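*Asks:* The structure under discussion is supplied below as structure tokens; questions concerning it will follow.
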Amino acid sequence: MSEEVKAMQKNTAWNKFIKEYSIILVAAGLIIVATILGGTTFMNGQNFINIFRGNAVVGIIAFGTAFVIITGNIDLSVGTQLVIVGIILLSILNATGNIVLAIIVAVACSCALSAGVGAIITKGRVPSFIVTLGMQYIYRSLALFILDARGITGNVDAFKEISNYEIGGVFPLPLIYFAVVFVICFYISKYTVLGRRIYAVGSNEQATRLSGIDTDKVKIMAFVLLGLTVAIATIIEASRMNSINSASSGNEYELNAIAMAVVGGIAMEGGKGHMIGVLFGIIILGVINNIITIVGLNVYLVNAVKGAIIIGAVLLQHKKRD
């Protein structure tokens, strides 16, 4: 093989890496900028732990959201679904005092709710945007009605340890949950039949259906995976606060989760993106929120910065395809 051919292959491999994982370089650049702006306040071990802890709940939902977006759908109801599942979780916990039972029922209910949403979308041939927007209103309204616009508090002290215990007095458990969920989602997306079929449905649903794959079932399973991550996020949130508020819990979680996935390279039209990208999307938005706080930017401008970043990420996605 000539040196010229080898050079071309090397260049092609590098270009492919840049195209697929440019988000890593963006994250590295952002951390350098944050270090310059934030100095020792940013480059502090505890600060990095706080960034991950503060984004663990929404980040976990973002991994599940990625599966749904890859199929070409979207879910705007996960924030309010968290509230409903949280009410179920704490109600059973308070009634029985059994943490394991409460968690099992909460996980089952969350997966069932997401499966139901997926079934309505696939069997009813209704756009996911409309269905999940409607479910968002339904969940929040039911939560307000059930709790009379108040909150519910856990009565089992041991439940609080799920999120508030720190390994060695430093490392919070939610970071472990976050890492485990990432590894599982990465494995499903890259090494399982379901993962490959989720990408196939998002890339070309008609061709996938003609190949004999039940595309409706694949979409529903993507929603079930999202429901599972919502359940895990609910357990962490309810344990951390030892409560769920019907009016404020879960507010904008779905939008932040979508933003993390999109910034991480998950294409809104489906079929493209990687869980590693989502991980770095979470890191990027977490670092941005952190550095905005450190430099003292007006709180009213935070969402403006986020919005600009999301638009920029989508524009970059389109530029890569052109």
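*Asks:* Enumerate by residue number the GluC sites (Glu not before Pro) in the range 143-208 meeting two conditions: DSSP loop (anything except H, G, I, E, B), and at most 11 other Cβ atoms within 10 Å of the site's Cβ.
*Replies:* Sparse-neighbourhood loop GluC sites (Glu not before Pro): none present.
*Asks:* Here's something else I'd like to know. Only four residue types carry charge here, +1 at the Cβ of Lys and Arg and -1 at the Cβ of Asp and Glu. Report the dipole size of the range 86-173 about the Cα centre in Debye, rounded to the nearest 20.
*Replies:* It works out to roughly 460 debye.
*Asks:* Shifting gears a bit: Just to be sure I understand the model, the point goes 7 Å from the Cα along the line to the Cβ. What's the resulting Val193 to Ala247 distance in nm?
*Replies:* Between Val193 and Ala247, the simple spin-label model gives 5.0 nm.
*Asks:* Please name which of Val181, Gly195, Thr229 has its Cα lying farthest along the dipole of the chain towards the positive end, using unit charges on Cβ (Lys, Arg +1; Asp, Glu -1) and the Cα centre as origin.
*Replies:* Looking along the dipole axis, the top candidate is Gly195.
*Asks:* For the range 180-322, I need the span (max minus min coordinate) of the C-alpha atoms along each principal axis, in Å, sorted largest to smallest.
*Replies:* On the principal axes, the range 180-322 reaches 55, 43, 26 Å in Cα extent.
*Asks:* So if we plug the beta-carbon distance of Phe145 and Ala112 into 1/(1 + (r/R0)^6) with R0 = 22 Å, what FRET efficiency do we get, rounded to 0.05?
*Replies:* 0.60
*Asks:* Using a Förster distance of 30 Å, how high is the FRET efficiency between Ile294 and Val183, based on the Cβ-Cβ distance and rounded to 0.05?
*Replies:* 0.50
*Asks:* Another question about this same structure. I'd like the FRET efficiency for Glu269 and Thr35, computed as 1/(1 + (r/R0)^6) with the beta carbon distance as r and R0 of 41 Å, rounded to 0.05.
*Replies:* Once rounded, the FRET efficiency stands at 0.70.
*Asks:* For the range 18-163, report the translational diffusion coefficient in µm²/s to the nearest whole number, using Stokes-Einstein at 37 °C, 0.692 mPa s, and a Kirkwood Rh over Cα pairs. Spell out each step's value before the answer.
*Replies:* On the way: Rh = 18.3 Å.
Answer from the Stokes-Einstein relation: 180 µm²/s.
*Asks:* Run lengths n ≥ 4 of DSSP H only: what is the helix-derived mean residue ellipticity at 222 nm for the chain, with -39500 (n - 2.57) per run over all residues, to the nearest 500?
*Replies:* -26500 deg cm²/dmol
*Asks:* Sticking with this one: Taking the Cα centre of the chain as the origin, how large is its charge dipole in debye, to the nearest 20, when only Lys and Arg (+1) and Asp and Glu (-1) carry charge on their Cβ atoms?
*Replies:* 660
*Asks:* Could you give the DSSP H helices of the chain that reach 20 angstrom or more along their long axis (alpha carbon positions) and whose average Kyte-Doolittle hydropathy is no lower than 0.0?
*Replies:* 3-42, 45-70, 78-96, 99-124, 128-147, 173-191, 215-241, 275-295, 302-321
Rule-based calculations on the coordinates, nothing more; no lab input. Quick caveat: nothing in here was measured; it's all calculated off a predicted structure. Here Cβ is always computed from backbone atoms with ideal geometry, including for glycine, and neighbour counts include all displayed protein chains.
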